[in-house]
Amino acid sequence: MKHKLLLILCLAALLVLPFSGVLAQDEMEQPLIGSWESCPTPENLPETVTMGAIFGLSEAVSVYGTVQQQAVQLAVDEVNASGYLGEGTTLEFSFEDSAGNRDQAIAAMTKLVEEDGVVAVLGPTLSSEAFAADPIAEENGTVVMGVSNTANGITDMGEYVFRDSLGEAAVIPGTISQAKAILGLEKVGVFYGNDDDFTVSGYDVFVQALQDNEIEILGEETFAKGDVDFNAQLTNLINQEPDALVVSALAAEATQIIIQARALGYDGPIIGGNGFNSPAVLRDTGADSEGLIVGGAWNYGNPDPTDSSVQFVEQYEAAYDASPDQFAAQAYTGAWLLASAVRCADSVDRTEVRDALAGITDFDSPLGVFSFDENRDALHDPIAQIVVDGAFQPLAVVMAEE
Ligand code: 1QQ
């Protein structure tokens, strides 16, 4: 099986160049995002439309939050430059740092919704923060849209709670079945954080998907947020000779788990949940993350991107001199969705904005053709990825070339 993985990696290495070519060669059309034509240019909006965003801008969670902020700012600049909300109306975002902390998320949501009176809120970054803070938005009849929350149950919090991030339940089953087909997985070890809503939810979804695919779970181990030494649990799992390690963790712990598993001599596949999707994990693990398999909502190397994804990549790279990741694509799309809801409502009334948002379907976005389902949850295709040469590559494309 190790042999197979090596073969995948070698073939994938050959594909890296063509991937960049797809993006570079694509002729840029007029922006599609920003020209969602179902609604005419609004005429009744105030001079300034103020929205809020709660992201983890400091502490470990900032590997996600800083790109989210950059992506939202890019969307805001584009909305304003294109006159999307009508002549004379400017969109503004007020950014709050929740630092991955539930109490800070609650304080930020209270400030934005109850004191500042924002029209709607993006974030917070983590599901655990969302479960703490979103009820405040719901009680105040204010839209809150998760752009990176993937735990089960987020939109069950109420009619004003939306998300444009695919839940782990929408992503992991496909990742596991593809990983089984490719790697011939029969038995795995499972490792997860048991004190975070997202890592626990990811664990639940992984277990269900493993059972559905008749993959045996040899053993399970847990850790807590902030742990730095994973050697004992990893040793227990590795000693059982799994075909793969299946891990639900946020970036800081995910990074150390990869490094320590390799240092213990484990060179088989690692399958991760959404927390692994930050390029920071790949940067900090280097060659140790080669072959890592992670499901996602967006991939830089997608061979068939929407035009708005191509446009988003170009504009993000021009603005920040860095490539966007999945979290940037989701945050950027979220800001455009909120702007579109205000445009269609032609109003900053929070309920009218909510109703307009709920009505958005077939929205051409970097994530693909996007709709909300009847529970205000994201509907679009996920993408399974494998890390090759330090970057997430679409698994299906890599395999098609084998
Ligand atoms: C959640 C997640 C994290 C990985 C977001 C950064 O998926 O908390 O729901």
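The values are calculated or read from the model by the stated rules, or taken from the named source; none is laboratory data. None of the values given here were measured: they were computed from a predicted structure. For neighbour counting, all protein chains shown are included, and Cβ atoms are generated from backbone atoms with ideal geometry for every residue, glycine included.
Answer with yes or no whether residue 212 is out of contact with any helix residue (DSSP H, G or I) (no Cβ under 6 Å at 6 or more places or on another chain), more than 15 Å from the ligand (Cβ to nearest atom), in contact (Cβ under 8 Å) with a residue 12 or more places away in the chain and under 27 Å from residue 396 (Cβ atoms). Walk me through it before giving the result.
Values: out of contact with any helix residue (DSSP H, G or I) (no Cβ under 6 Å at 6 or more places or on another chain): yes; more than 15 Å from the ligand (Cβ to nearest atom): yes; in contact (Cβ under 8 Å) with a residue 12 or more places away in the chain: yes; under 27 Å from residue 396 (Cβ atoms): yes.
The answer is yes for residue 212.
Of the residues making up region 228-258, those that are within 23 Å of the chain's Cα centre (by Cα), farther than 27 Å from residue 214 by Cα and not charged (D, E, K, R) number 4.
When each of 196, 212 is tested for being crowded, with 19+ Cβ neighbours inside 10 Å, acidic (Asp, Glu), under 25 Å from the mean Cα position of the chain (by Cα) and at pLDDT 95 or above, the lone residue that passes is 196. Residues in region 154-165 that are within 10 Å of the ligand (Cβ to nearest atom) and within 14 Å of residue 380 (Cβ to Cβ): 163, 165. Scanning region 96-130 for residues that are of a type in the set (Val, Ile, Thr) and within 20 Å of residue 168 (Cβ to Cβ) yields one hit, 125.
Does region 253-274 contain at least one residue that is surrounded by fewer than 22 Cβ atoms within 10 Å (Cβ to Cβ), farther than 22 Å from residue 175 by Cα, touching a Gly at 6+ places or on another chain (Cβ under 7 Å) and not acidic (Asp, Glu)? No: zero hits.
For first residues located in region 134-153 and away from the ligand (no atom under 16 Å from the Cβ), partners that are assigned to a loop (DSSP other than H, G, I, E, B) and lie 6+ apart or on another chain with Cβ distances below 7 Å form the pairs 137/160; 138/158; 138/160; 141/160; 142/160; 143/160.
Residues in region 280-328 that are aromatic (Phe, Trp, Tyr) and within 16 Å of residue 388 (Cβ to Cβ): 300 only. I'd like the full set of residues that are within 16 Å of the ligand (Cβ to nearest atom) and either modelled with pLDDT under 95 or under 17 Å from residue 206 (Cβ atoms) (or both), limited to region 233-269. Once the filter is applied, which keeps residues that are within 16 Å of the ligand (Cβ to nearest atom) and either modelled with pLDDT under 95 or under 17 Å from residue 206 (Cβ atoms) (or both), region 233-269 yields 246, 247, 248, 249, 250, 253, 254, 257, 258. Of everything listed in (1) over 30 Å from residue 231 (Cα atoms); (2) within 16 Å of the ligand (Cβ to nearest atom); (3) without any contact (Cβ under 8 Å) to a residue 60 or more places away in the chain, the single unmet condition for residue 297 is (3). Looking across 76, 63, one residue alone is within 16 Å of the ligand (Cβ to nearest atom) and outside any strand (DSSP E or B). It is 63. Looking only at region 286-302, count every residue that is of a type in the set (Ser, Thr, Tyr) and within 17 Å of the chain's Cα centre (by Cα) and tell me the total. Final tally of qualifying residues: 1.
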